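The values are calculated or read from the model by the stated rules, or taken from the named source; none is laboratory data. Please read all numbers here as calculations on a predicted model, not as lab measurements. Cβ sites come from the backbone with ideal geometry, for glycine too, and all protein chains shown count toward neighbours. Just the protein is used for accessible areas: all its heavy atoms, side chains included, with ligands, DNA and RNA removed. Shrake-Rupley method; radii C 1.70, N 1.55, O 1.52, S 1.80 Å.
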Amino acid sequence: MNLTLKIWRQKDAQSSGSMQSYAVEGISEDMSFLEMLDTLNEQLNERGEEPVAFDHDCREGICGSCDLMINGQAHGPEVTTTCQLHMRSFSDGQTITIEPWRAGAFPVVKDLIVDRSAFDRIIQSGGYISVNTGSAPEANSVPAPRDKAMRAFNVATCIGCGACVAACPNGSASLFLGAKITHLGELPQGQPERMGRVASMVAQHDAEGFGGCTNIGECTAACPKEIPLDVISQLNKDLRDALRAGY
Amino acid sequence: MASTADVSGLTVLNGPPEQRSDDAHGYYTPAPEKLVDAKAPTGLIKDRWTTRKMDNRLVNPANRRKLDIIIVGTGLAGGAAAATLGEAGYNVKSFCYQDSPRRAHSIAAQGGINAAKNYKEDGDSTYRLFYDTVKGGDYRSRESNVYRLAEVSANIIDQCVAQGVPFARDYGGLLDNRSFGGVQVSRTFYARGQTGQQLLIGAYQAMERQVAAGTVTQYTRHEMLEVIVVDGKARGIIARDLVTGEIETHLADVVVLASGGYGNVFYLSTNAMGSNVTATWRAHRKGAYMANPCYTQIHPTCIPVSGDHQSKLTLMSESLRNDGRIWVPKNKEDCTKDPRDIPEEDRDYYLERIYPSFGNLVPRDIASRQAKNMCDEGRGVGPMVGDFRRGVYLDFADAIARLGEDAVREKYDNLFDMYERITGENPYEVPMRIYPAVHYVMGGLWVDYDLQSNIPGLFVTGEANFSDHGANRLGASALMQGLADGYFVLPNTIRDYLADGPFEQVDEAHPAVVEARTSVQERIDKFLSIGGSRSADSFHKELGNIMWEYCGMERSEEGLRKAIDMIRELKAEFWSNLKVLGTADSLNQSLEKAGRVADFIELGELMCIDALNRRESCGGHFRAESQTEDGEALRHDEEFAYVAAWEFGGEGGQPVLHKEDLIYTAIEMKQRSYK
């Protein structure tokens, strides 16, 4: 396959960026999208042009590093991470536009790399259960209902990639936040801190500059782990309970 | 010379090894004395850890905040240690190259985590987990360390559940278990196929809680490039801020390396793209011994290479071998045919043929090696990669006929989907193609029982050290070791060292600091100034091919010698023909890669020397010269029941081999058989 790539190039956070066009040749449909970018970078290096910087690590869909807007869609046309997207999803001669995540709370660091440290700070504000090492009771001393444990697991599969924020017209991180609130809120161990957690995490979410949720649902459509929209309902319910209780 | 007599006076079940062969003669210098773990515990094996915890000195809570701990890496071992030491009140600085601690590669582990809880009442115990782990490691691990690992395994599950790790549960709401990796009890706890992810998020959240509490400071997008050793003690690191390019000095009372394994020396592996050996290799060059570097685990069920563009390999759970039948065509001319058109009598179900009693369920190393043998004979399938077709069929047609497609779908749905996404082929209709891939390294920096390297103040945990898995790791044991080290072992051993602190303040102008900083700066300047024509990636690929060919699933004296020569030539070309664009004072992924590849090249040479010296087959290390008449692995305990700990011999010098005898008082050595 031969492709035309339009890629966002930006020297650093302080500089302004622009779209640049590159022709890339000899792409196999068995390549992953990131291997296609590797090929481009190898060609750029040969020509003496600086390679395109992009985030990636595990390349098996679980670390959450990859963060590309492909033809305007977070992670591209399939419901998966960019690293698991393959070139057979594109056609010969196509023009592909590649941008970094679009969100004010994720500033561009360089080219296609953004700063997602806001997610760490949201977790710091309460996305945990307070238990020091060594103080845990016997694991089976507190049974957890199976359906609740399964729901907790399903939403705990969030990889923190930020596609939900990038896809949201409001730049809201409500899906990310709702997934964590639901994960910890569904388990018996998460109950003691439940109200304080949601109040504190929502406050941090807002302070980071993420927008509000207006139930558009682009987040869940873009989510490579298919986190369902109802975690946002759970988030709102827990927040309502917490506010009523005076948190 | 130290004897192998157990210090506690217990009966020693094996004699001291006496090496007769010397294949690596000329490539190394033997150390005059045997290496002895000065912290080796005494007494009955079941009491050793309790005694050590009692004997290790405590640090007064008021003094803890005056003590600075640097931890490099935020996977299970590093993240858990940062959280626990932060909770204890120490002042922790945590470093990772990723943009968040949550992305460390522990996250990719699929299967599960072992613990001797005996919830199934099926006869499991601490001793049985210990026994299985030592045996699985082919009797090349330290028994005291492994027993401790088994002992703390139950506490790990308690801790993780309390943190909110959503393990699988049964209908009564209690924890579920499954069996794993050929053992006869069900002791594996799991969270569907994403156990590593859930455990890591637990450790990450515990660590972020300490960041909020102010005890842990996290430095993301930072890469450690040098360890600072002052008066013989590790006192800090030099790190590069990967965004600004700034070279930073971080000083501390103690340094912990939890930087993971070096499987990426093979270029293609199931490791993350960024996984590297730099932290441990830099420490090795500063004097830390590298132990058993040749012990590599190669996993049999990975998705095969599809072409030269391939950047990484994806693992599929071993459970597929429970129902899939592995075969290749009997005739080479059939290799390009549609497999569905190859009649039954022209198929070679080679594992069932060679190992009638275990069949497709032979251990990982055997399944991997036989797949390679078939492909080397020219009977591999799939696309040509280099001179061979590198793939064998894993066929579910029989299982689908026997159980029905729905039953197969229920068991393996997510794996079949993943396979189809990557290959574009539907495994319900066409047999899967699989091939082995490098997955884990058992070797790593040498540590004593306290997880301290031979450099005082430098501790090493998780996959980065060598201590628990011997020559082969059992499934679901990597997660166990990472968390055991991070939550329970290191916090109880490091305090004995820190009881002597805070150590004398080190000035940034100290010659040792200046030297470390200068060497980092000079290396970076060198990478950018070579001005050759090849990318770091292309050197990495070439190194990977050499390692895979000659230091992979089967190693021979002739091949290893050839590999050492080839790596030396590659190293010379790297330092004269490398091309790195961009600048040092900005985010520069090519520059990061160059540093990692430079270290992989040096490591690769040492791995080959280690493999050359060890003229026996054990666990993941198969030497062509050491096999039974049937082609099975043959161990030589009387020569090689020792840990090979290599000391850096200086630039252009020969590494020095220190041998630590393995002493068994609680388990008797036996040969494996799977026929």
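Miscellaneous remarks
- Sub-8 Å Cβ pairs linking a first residue in region B:134-162 that is more than 9 Å from chain A (Cβ to nearest Cβ) and under 17 Å from B:W49 (Cβ atoms) to a second residue that is of a type in the set (V, I, T) and assigned to a loop (DSSP other than H, G, I, E, B), at least 6 apart or interchain, are B:V134/B:I667; B:E143/B:I663; B:E143/B:T665; B:E143/B:I667, ordered by first then second residue.
- Checked against the criterion of being assigned to a loop (DSSP other than H, G, I, E, B) and free of Cβ contacts under 8 Å to residues at least 40 places away in the same chain, region B:351-361 contains not a single residue that satisfies it.
- Taking (1) in contact with a Phe, Trp or Tyr (Cβ under 8 Å, 6 or more places away or on another chain); (2) open to solvent by 10 Å² or more (accessible area, probe 1.4 Å); (3) not assigned by TED's automatic domain parsing to the domain that holds B:A367 in turn, B:T280 satisfies each apart from (2).
- Summed over region B:206-223, residues that are closer than 23 Å to B:L257 by Cβ and either open to solvent by less than 10 Å² (accessible area, probe 1.4 Å) or facing chain A (nearest Cβ under 10 Å) (or both) total 9.
- Members of region A:135-151 found to be open to solvent by 20 Å² or more (accessible area, probe 1.4 Å) and either touching a Gly at 6+ places or on another chain (Cβ under 7 Å) or part of a loop (DSSP other than H, G, I, E, B) (or both), listed by number: A:S135, A:A136, A:P137, A:E138, A:V142, A:P143, A:P145, A:R146
- Test: residue in region B:565-588 that is closer than 24 Å to A:D38 by Cβ, aromatic (F, W, Y) and either modelled with pLDDT under 95 or crowded, with 18+ Cβ neighbours inside 10 Å (or both): yes
- Any hit, region A:52-75, residues being closer than 24 Å to B:R534 by Cβ, more than 7 Å from chain B (Cβ to nearest Cβ) and part of a loop (DSSP other than H, G, I, E, B): yes
- Only residues that are β-branched (V, I, T) and either at pLDDT 90 or above or touching a Pro at 6+ places or on another chain (Cβ under 7 Å) (or both) were counted across region B:393-421, and they come to 1.
- Taking the criterion of being surrounded by fewer than 24 Cβ atoms within 10 Å (Cβ to Cβ) and not small (G, A, S), the residues of region B:226-243 that qualify are B:V229, B:V230, B:D231, B:K233, B:I238, B:D241, B:L242, B:V243.
- So B:I298, is it among the β-branched types (V, I, T) and either open to solvent by less than 10 Å² (accessible area, probe 1.4 Å) or within 12 Å of chain A (Cβ to nearest Cβ) (or both): no
- Residue identified as open to solvent by less than 10 Å² (accessible area, probe 1.4 Å) and not basic (K, R) among B:A80, B:A40: B:A80
- Identity of the residue in region B:163-196, of a type outside the set (A, V, I, L, M, F, W, C) and in a strand (DSSP E or B), that ends up nearest to the other protein chains (Cβ to nearest Cβ): B:R169
- Test: residue in region B:120-127 that is farther than 30 Å from A:N154 by Cα, open to solvent by 10 Å² or more (accessible area, probe 1.4 Å) and free of Cβ contacts under 8 Å to residues at least 12 places away in the same chain: yes
- In region A:152-238, counting only helices (runs of 4 or more DSSP H) that sit wholly within it, the ones holding 3 or more residues that are open to solvent by 50 Å² or more (accessible area, probe 1.4 Å) span A:194-207.
- Residue in region A:198-213 that is more than 10 Å from every other protein chain (Cβ to nearest Cβ) and charged (D, E, K, R) present: yes
- Within region A:110-134, considering residues that are assigned to a loop (DSSP other than H, G, I, E, B), of a type outside the set (S, T, Y) and facing chain B (nearest Cβ under 7 Å), the one most open to solvent (accessible area, probe 1.4 Å): A:N132
- Any hit, region B:197-209, residues being hydroxyl-bearing (S, T, Y) and part of a helix (DSSP H, G or I): yes
- Qualifying residue in region A:135-154 (condition: at the interface with another protein chain (Cβ under 10 Å from one of its Cβ atoms), among the charged types (D, E, K, R), touching a Ser or Thr at 6+ places or on another chain (Cβ under 8 Å) and within 22 Å of B:R192 (Cα to Cα)): yes
- Scanning region B:414-437 for residues that are more than 14 Å from chain A (Cβ to nearest Cβ) and assigned to a helix (DSSP H, G or I) turns up just one, B:F416.
- Residue that is farthest from B:S538 (Cα to Cα), among those in region B:564-592 that are facing chain A (nearest Cβ under 10 Å) and in a helix (DSSP H, G or I): B:Q589
- Enumeration of residues in region A:24-51 that are open to solvent by 10 Å² or more (accessible area, probe 1.4 Å), more than 7 Å from every other protein chain (Cβ to nearest Cβ) and within 24 Å of A:D115 (Cβ to Cβ): A:N41
- Within this structure, A:Q84 fails the test of being in the same structural domain as A:G26 (by TED's automatic domain parsing) and open to solvent by 40 Å² or more (accessible area, probe 1.4 Å).
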